[in-house]
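**Q** Can you read through this structure? Questions will come right after.
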Amino acid sequence: MNWLFNFIVFPGFIFTAAIGMLASWFDRKLTARVQWRVGPPVLQPLYDFVKLLGKETIIPKGSFGTFVLAPISSLVSVTIVSTMIWNVMLWPERGFVGDLIVTLYLLTIPSIALIIGGAVSRNPLASLGVSREIKLLLSYELPFIIAMFVPVIKAGGSIKLGDLLTYQWENGLFIGSWSGAIAFACVLACIQAKLAYVPFDIPEAETEINNGPLIEYSGTPLAIFKLSRWMLLFVLPMFVIFMFMGGISLHGWHILWGILKYIMILGFVILVKVTNPRVRIDQALKFFWWGVTPLAIVAIILAFVGV
Amino acid sequence: MSVKLKALKRSIWLFHFNSGSCNNCDIEIVDCLTPRYDLERFGIKLVGSIRHADVMMVTGFVSRQAAPRLKLLYEQAPKPIFVVAVGTCACSGGIFAPSYNMAGPVDKIIPVDVYIPGCPPKPEAIIMGVVKLLSKLK
Ligand code: SF4
C-alpha cells in the first residue's frame, strides 16, 4: 500500500498537482506584474481545472482511444518522475541503478503525448504544431541529455539518482564547478524549450497557430493536458535542482533554502519568457545544435578533465 | 450554487469572432485585456480555439460570407457556451443594416445571451456586459 500512497498522495499526484497549480499561478501573476497588471487570484488554476472538467468533451471522429490516452499518459509520466525524484530526495537509498535514464525518458513523454494527441486530432493547425514540436524535440533533447551526463561523470560514472545526491552532499554541489555551471546553463535553456515557453513556444504559438496540438482538445482531456503542463512546471526545475544544486532537504531551515532555489529557477524561466519574442523554428534548431550542444560538449570535456 | 458553476464564473475564456465588423469593436475587446482594465484579474482570458471557449464574442453585422461560418463555430463549441453580441452592428446591424450583403444581425443566426450596444462600446461597457452575463448564469 505504501507505494500506492507514494504515487497518489505524497509525493506523487496530489502533492505535485497542488504545487504545480501554485507554480502556474506564480507564472501568471509574475507575468501580469511585469506587464503592469494585477493578475489572477491564487486559486485561478484550480478554477480553470474544475471548469474544464465540467465542460463538454468533444472527440474528433476516428481518433477515440489515442486522443484520450495521450493526455493521460502525459499526466502519468510526470507523476512518476515526481514520485521518483522526491523519494530519492527524502530517502537517498531508495531508487535503482539506471533510474536517471528512466527519468530522462519519462521527461520526454509529455512532448511525445502532445505530438500524438495533436496528430490524431486531424486539424491542419494541429499538424503544423505537431511538426514544429517534433523539430523542437529533436533540437533540445540532444544537449539536454549531454548536459545531464556531466553530473554522472563527476560522480564517478554512477547512473543512480541517490548516488548523485549523496555525492553532492559530501563533495559540494555540481554547480560550484566550471563544468557543472556550464552544463547548468545548457539545461536551463533546454527546460525553457521543454516547458514550451517563449522564446521556444513555437509549437503552440498562440498568435499564429492557436495553441497548435491542443487546438481540438476540449473539456476533460484539455484539463488533463493543462494539469500535466503545470506539474511539469514543478517537476522540471525540481529535477534541475536535484541534479546540480543538491536537491531540497527537509531538515529545519534548509527547507526555506530549498524553496528559494526553486523560486529562483522558476522566476528566471518566467522572466526570460516575458521579456523575449518568439523565435522561428529554424532559429531554435540552430540555437540548440550550434550553440547549446557544443557548450554541453565542452562541459563534458571539462568534467572529464576534472574541473 | 454548484462547484461547476462557481468555477465557470471565475474562469471565463473568451473566443472572439469577427463576422464583418469594421475592426473597431475588436480593438475595444482587446483593450479590455490591457493593463488599464486587466480582465485577467477575474480569470477572463482570450483563447484562440473555439474548443477552449466558454463565451463567444461576436462583433460585426454578420455578412453573408460569415453567416455559415458563425453557425459552424457555434456548433463546434463545447457546451455550455454563451454568446455575447458586441457593438451596435452585432445587435441590430447598425449602419450596415440596409446593405445588400447583410445576413445578420447575430441573433438571426445563433442565440445571443447578452447584447452590448455602442459604436464601438467602451471597454467599461463590455466588462459590464460580461458581468451581467455572469450574474445571469444559474
Ligand atoms: S458597431 Fe460600430 S465600431 Fe463596431 S463594428 Fe459596427 S461600425 Fe464598427
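Please treat every number below as a calculation from the coordinates, not as lab data. This is a predicted model, so every value here is computed, not measured. Heads up, the Cβs are rebuilt from the backbone with ideal geometry, glycines too, and the neighbour counts pull from every protein chain shown.
**Q** Please state the relative contact order of chain A as a whole percent: Cα pairs under 8 Å, 6+ residues apart? Spell out each step's value before the answer.
**A** Values: 462 pairs, mean separation 85.4, N = 307.
Here the relative contact order equals 28 percent.
**Q** Given a cut-off of under 8 Å on Cα pairs at least six residues apart, what relative contact order in percent is computed for chain B?
**A** Details: 255 pairs, mean separation 36.0, N = 138.
Relative contact order here is 26 percent.
**Q** Is there a simple number for the mean count of other chain Cβ atoms within 10 Å of the Cβ of residues in B:8-16, and what is it?
**A** On the way: counts 6, 2, 9, 11, 2, 4, 0, 0, 0.
Mean shielding by partner chains, rounded to a whole number: 4.
**Q** Mind checking which of A:SER179, B:MET57, A:LEU232 is farthest towards the positive end of the protein assembly as shown's charge dipole, using Cβ charges of +1 (Lys, Arg) and -1 (Asp, Glu) about the Cα centre?
**A** B:MET57
**Q** Note the angle between two axes, namely the Cα long axis of helix A:13-34 and the longest principal axis of the Cα atoms of chain A, as a number of degrees from 0 to 90, rounded to the nearest 10.
**A** On a 0 to 90 degree scale, this one is about 80.
**Q** Now for a different question. Tell me which of A:PHE26, A:VAL81, A:LEU136 sits at the most positive position along the dipole axis of segment A:1-143, charges placed on C-beta atoms (Lys, Arg +1; Asp, Glu -1).
**A** The listed residue farthest towards the positive side: A:PHE26.
**Q** Given a cut-off of 25 Å, what percent of all Cα-Cα pairs of segment A:2-304 lie beyond it?
**A** Values: 22154 of 45753 pairs.
Of all Cα-Cα distances in segment A:2-304, 48 percent exceed 25 Å.
**Q** I'd like the mean, over residues of B:45-58, of how many other protein chain beta carbons sit within 10 Å of each residue's own Cβ.
**A** On the way: counts 4, 1, 5, 12, 14, 4, 16, 12, 2, 3, 0, 0, 0, 0.
Per residue, the average neighbour count from other chains is 5.
**Q** Between A:VAL97 and A:THR275, what is the FRET efficiency for a Förster distance of 30 Å, r being their Cβ-Cβ separation, to the nearest 0.05? Before the final figure, lay out each step's value.
**A** On the way: r = 42 Å, r/R0 = 1.39.
Working from the Cβ atoms, E equals 0.10.
**Q** Any idea what diffusion coefficient segment B:3-133 gets from Stokes-Einstein, in µm²/s, Kirkwood Rh on alpha carbon pairs, 37 °C, 0.692 mPa s? Walk me through the intermediate numbers first.
**A** Working: Rh = 14.6 Å.
Translational diffusion coefficient: 226 µm²/s.
**Q** Let me ask something else about it. Nearest 10 degrees is fine. How inclined is helix A:219-244 to the longest principal axis of chain A, computing both from alpha carbons?
**A** The helix A:219-244 is inclined about 10 degrees to chain A.
**Q** Now a separate question. Roughly speaking, what is the centre-to-centre gap between segment A:122-139 and segment A:190-229 when only Cα atoms are used, to the nearest Å?
**A** Taking the Cα centre of each part, segment A:122-139 and segment A:190-229 sit 11 Å apart.
**Q** Moving on. Suppose only helical runs count, i.e. DSSP H with n ≥ 4. What mean residue ellipticity at 222 nm does that imply for chain A under -39500 (n - 2.57) per run, divided by all residues and rounded to the nearest 500 deg cm²/dmol? Walk me through the numbers on the way to the answer.
**A** On the way: 13 runs with 218 residues, N = 307.
Mean residue ellipticity at 222 nm (helix-derived): -24000 deg cm²/dmol.
**Q** For peptide A:53-60, how many partner chain Cβ atoms fall within 10 Å of a residue's Cβ, on average? List each step's numbers first, then the result.
**A** Values: counts 3, 7, 12, 6, 2, 6, 0, 1.
If you average over the peptide's residues, the count of other-chain Cβ atoms is 5.
**Q** Shifting gears a bit: Taking neighbour Cβ counts within 10 Å as the exposure measure, how do B:LYS136, B:LYS6 sort from fewest upward?
**A** B:LYS136, B:LYS6
**Q** For chain B, what does the helix formula give at 222 nm: sum of -39500 (n - 2.57) over DSSP H segments with n ≥ 4, over the residue count, nearest 500 deg cm²/dmol?
**A** Working: 6 runs with 50 residues, N = 138.
It lands at -10000 deg cm²/dmol.
**Q** Another one. Fewest to most neighbouring Cβ within 10 Å: what's the order for B:CYS119, B:CYS91?
**A** Details: B:CYS119 13, B:CYS91 22.
Result, fewest neighbours first: B:CYS119, B:CYS91.
**Q** I need B:SER2, B:SER19 ordered by Cβ neighbour count within 10 Å, fewest first.
**A** Details: B:SER2 9, B:SER19 24.
Ranking B:SER2, B:SER19 by Cβ neighbours within 10 Å, fewest first, gives B:SER2, B:SER19.
**Q** Okay, next question. Could you tell me what percent of the DSSP beta bridges with both partners in segment B:3-133 are antiparallel, to the nearest 5? List each step's numbers first, then the result.
**A** Numbers: 1 of 16 bridges.
About 5 percent, rounded to the nearest 5.
**Q** Here is a follow-up. If Lys and Arg each add +1 and Asp and Glu each add -1, what is the summed charge of the other residues whose beta carbon sits under 15 Å from the beta carbon of A:ILE265?
**A** Values: positive: A:LYS194, A:LYS261, A:LYS273; negative: A:ASP27.
Net of charged neighbours comes to +2.
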